[in-house]
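Undergrad: Once you've had a glance at the structure underneath, I'll fire off some questions.
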Amino acid sequence: MTRLVVVSNRVPDPGRPPTGGLAVAVQAALRDRGGIWMGWSGRSSGDDEPPPMIHRKDGNITYALTDLSDRDLAEYYNGFANSVLWPLCHYRTDLTDFARREAQGYFRVNRLFADRLLPLIREDDVIWVHDYHLLPLADELRRRGVANRIGFFMHIPWPAPDIYLTLPPGTRLLQAMTAFDLLGFQTENDAANFRQCLERGGLAAPVPGEEGLFQTPERRFRLGAFPIGIDTAGFARTARNASRSAALRNFRTHLGAQKLLVGVDRLDYSKGLIQRLNGYRRFLETETEWSGRVSYLQITPRTRSGVAEYEALQREVAELAGQIAGAFGRLDWVPFRYFNRAFSRQMLASIYRMASVALVTPLRDGMNLVAKEFVAAQDPDDPGVLILSQFAGAASELASGALLVNPYDEEAIAQAISRAVAMQPHERRQRHDAMMAVLRGNDVFTWCSSFLDRLAAPRAAVTA
Ligand code: GDG
């Protein structure tokens, strides 16, 4: 089997058990084949050029970690990746900062990644690049003579061409992306958007009769949808093994017969928190018979504190949370709890299992793993209800069981909550079974192997 080289902006802590599903699956693939995981160390080298990479060996996996300078982090990470590509791909052109200087920093850091990766690559390695931080990496590697298979997976949405093509270096980036052998997206919709961007830019043409195969004057590449899964069995197991936390036990006692609603999202404007909280407020205003009988727990760890929009959102959500608790709370009832920090994975799984309803209402999301984790964590005999945004990638797989909502429509969110809390057990079980069948059929291990198998498929020759 060929060796695997994974490249992503962040790399899980070498030596510690991986936490997220993606890290679990990618590490399993790396262990099978042996390989390298390269990325940013999470550290800054200040004003100095980054020192040579650190290599950490763990069994047959080598972690290759590079520091980045303050300027690199400002321009590449906080700048072009998180202040331009992230909002743009989530359809927020209003928040997109089109500063050209930062685009230069983004391309520079991709060159640095290519320079540092180059000496580590063997002739028959398969290279798998992850996410929007590294769109030009294959092109940089090709310029350095790398002929290996190189795949790419986009974890966040690929926007419609009218949005994407507002990006000044948009065409240059698309062109660079044609240097990958396989481009994977979360949904058919994302893959179709990408295809349209290519066609509008005149950069590549579909090869007739070969689904997903494209041709440029120089080369051929494939693209397709590979919806990411979770470690379904593993997460269900974690949720079944109830956490022994005393705080959780007390919380359960305190809730008594109240139905628990839960939301778990990184603090991010793509997650639709404001609209969701307004939807809950509307529910409390109109469905007064539920007063005292429901309680909503929102867990929202802070991320990207270096980006101004996140600071503003933090204040806005905290204010709204305070308003809801202040307007509806009673001495003997807490209608809303808001946490701004991360919980352990075990605790999270137990909370999902306790909850009657999950509110997963991003305005736009590549997939949304919380939706899948919530479903996997349920007691199949008495499962909770998933309220899911129609604009989350997960909606393309979970439509048979979730209550789909338009996340901008606060009234619709309120109505979905009222339907969910009143739903009868047989309907909840039916919906849960349908979703579990999907999650078992496409877990993160299947996702990983189907992408790598497609990447390994014989290359199609370029025809004139
Ligand atoms: C990107 C795309 C796509 C959250 N809070 C805590 C915690 N989490 C974990 C969740 C879940 C993960 O973080 C979040 O994953 P999402 O998929 O919901 O969202 P993004 O971080 O935006 O991820 C997304 C994903 O990539 C994968 O391709 O689905 O669309 O945006 O696993 O459980 N984990 C712990 N404590 C918390 O408080 N331990």
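The values are calculated or read from the model by the stated rules, or taken from the named source; none is laboratory data. As the structure is a computational prediction, the values presented were derived from the model and not from experiment. Using ideal geometry, Cβ is built from the backbone for each residue, glycine included, and neighbour counts are taken over all protein chains shown. When the accessible area is computed, the model is the full protein with side chains, heavy atoms only, and any ligands, DNA or RNA have been set aside. Shrake-Rupley method; radii C 1.70, N 1.55, O 1.52, S 1.80 Å.
Undergrad: I'd like the carbon and sulfur percentage of the solvent accessible area for segment 232-441, probe radius 1.4 Å, heavy atoms only, ligands and nucleic acids excluded. Before the final figure, lay out each step's value.
TA: On the way: 4210 of 8700 Å².
It is 48 percent, rounded to a whole number.
Undergrad: Enumerate the whole-percent occupancy of each 10 Å bin, from 0 to the last occupied one, for all C-alpha pair distances of the chain.
TA: The distribution over the chain is 4, 20, 29, 26, 15, 6, 1, 0, given as percents.
Undergrad: Of all DSSP beta bridges located in the chain, what percent are antiparallel, nearest 5?
TA: Working: 11 of 59 bridges.
Around 20 percent of the beta bridges assigned by DSSP in the chain are antiparallel ones.
Undergrad: Next question, about the same structure. How high is the FRET efficiency between ARG337 and GLN424 when r is their beta carbon distance and R₀ equals 22 Å, given to the nearest 0.05?
TA: Numbers: r = 27 Å, r/R0 = 1.23.
FRET efficiency, ARG337 to GLN424: 0.20.
Undergrad: Okay, next question. Hey, what angle do you get for helix 188-200 against the long axis of the chain, alpha-carbon based, 0 to 90 degrees rounded to 10?
TA: Approximately 40 degrees, to the nearest ten.
Undergrad: For THR93 and GLU123, calculate 0.36 nm times their separation in residues minus their Cα-Cα distance, and state this gained length in nm to one decimal. Display every interim value, and only then the final one.
TA: Numbers: separation 30, 0.36 × 30 = 10.80 nm, distance 4.12 nm.
Here the answer is 6.7 nm.
Undergrad: So what's the angle, to the nearest 10 degrees on a 0 to 90 scale, between helix 308-328 and the longest Cα principal axis of the chain?
TA: 10
Undergrad: Given Cα pairs under 8 Å that are at least 6 residues apart, what percent is the relative contact order of segment 232-441?
TA: Numbers: 369 pairs, mean separation 55.1, N = 210.
Once divided by the residue count of segment 232-441, the mean separation gives 26 percent.
Undergrad: Averaging over every viewing direction, what projected area does the convex hull of the Cα atoms of segment 17-94 cover, in nm²? Intermediate values should be presented prior to the final figure.
TA: Numbers: hull surface 26.6 nm².
Its average projected convex-hull area is 6.7 nm².
Undergrad: From largest accessible area down, sort GLU218, GLU309, GLU75, GLU289; use a 1.4 Å probe on the protein chains.
TA: Final ranking, largest accessible area leading: GLU218, GLU289, GLU309, GLU75.
Undergrad: Taking 1 over the mean of 1/r across every pair of different Cα atoms in segment 78-141, what Kirkwood radius in Å do you get?
TA: On the way: mean 1/r = 0.0777 Å⁻¹.
Averaging 1/r across every pair of different Cα atoms and inverting gives 12.9 Å.
Undergrad: For GLN323 paired with THR216, estimate the spin-label separation in nm (one decimal), with each label point 7 Å from Cα along the Cα-to-Cβ line.
TA: 4.9
Undergrad: Provide TYR106, TYR408 ordered by accessible surface of protein heavy atoms (probe 1.4 Å), highest first.
TA: Details: TYR106 0, TYR408 125 Å².
From most exposed to least exposed: TYR408, TYR106.
Undergrad: Per residue, how many Å² of accessible area does segment 365-430 show with a 1.4 Å probe? Don't jump to the answer; show the numbers that get you there.
TA: Values: 2350 Å² over 66 residues.
Roughly 36 Å² per residue, with all protein chains present.
Undergrad: May I ask for the percentage of alpha-carbon pairs in segment 101-211 that lie more than 17 Å from each other?
TA: Values: 3400 of 6105 pairs.
The proportion of pairs with Cα distances above 17 Å equals 56 percent.
Undergrad: Here's a follow-up. Could you pull out every one of the lysines with an alpha carbon less than 27 Å from that of LYS372, ignoring same-chain neighbours closer than 8 positions?
TA: LYS259, LYS271
Undergrad: So, with +1 on the Cβ of K and R and -1 on the Cβ of D and E, and no other charges, what is the size of the charge dipole of segment 232-441 about its Cα centre, to the nearest 20 debye?
TA: Numbers: 27 positive and 21 negative charges, 167 e Å.
I would put it at about 800 debye.
Undergrad: Place a point 7 Å from the Cα of ALA192 along the Cα-to-Cβ direction; which residues of segment 205-241 have their backbone N under 16 Å from it?
TA: The answer is 212, 224-227.
Undergrad: At 222 nm, what value in deg cm²/dmol follows for the chain if DSSP H runs of at least 4 each add -39500 (n - 2.57) and the sum is divided by all its residues, to the nearest 500? It would help to have the intermediate numbers written out before the result.
TA: Working: 17 runs with 187 residues, N = 464.
Taken over the chain, the calculation gives -12000 deg cm²/dmol.
Undergrad: Considering segment 232-441, what Rg and Dmax in Å follow from its alpha-carbon atoms?
TA: Just the Cα atoms of segment 232-441 yield Rg and Dmax of 16.0, 47 Å.
Undergrad: If I ignore ligands, DNA and RNA and count only protein heavy atoms, how much of SER8 is accessible to a 1.4 Å probe, in Å² to the nearest 10?
TA: Roll a 1.4 Å probe over it and SER8 shows about 10 Å².
Undergrad: Shifting gears a bit: Please work out the Kirkwood hydrodynamic radius for segment 353-428, using every pair of different C-alpha atoms, and report it in angstroms with one decimal place. Write down the numbers at each step before the final one.
TA: Working: mean 1/r = 0.0814 Å⁻¹.
When all Cα pairs of segment 353-428 are included, the Kirkwood radius is 12.3 Å.
Undergrad: Go through ASN148, PHE185, MET347 and say which Cα lies farthest out towards the positive end of the charge dipole of the chain; charges sit on Cβ, +1 for Lys and Arg, -1 for Asp and Glu.
TA: With unit charges placed on the Cβ atoms, the residue in question is MET347.
Undergrad: Label-point separation (nm) for ALA28 and GLN258, each offset 7 Å from Cα along Cα-to-Cβ?
TA: Taking the two extended label points, one gets 3.8 nm.
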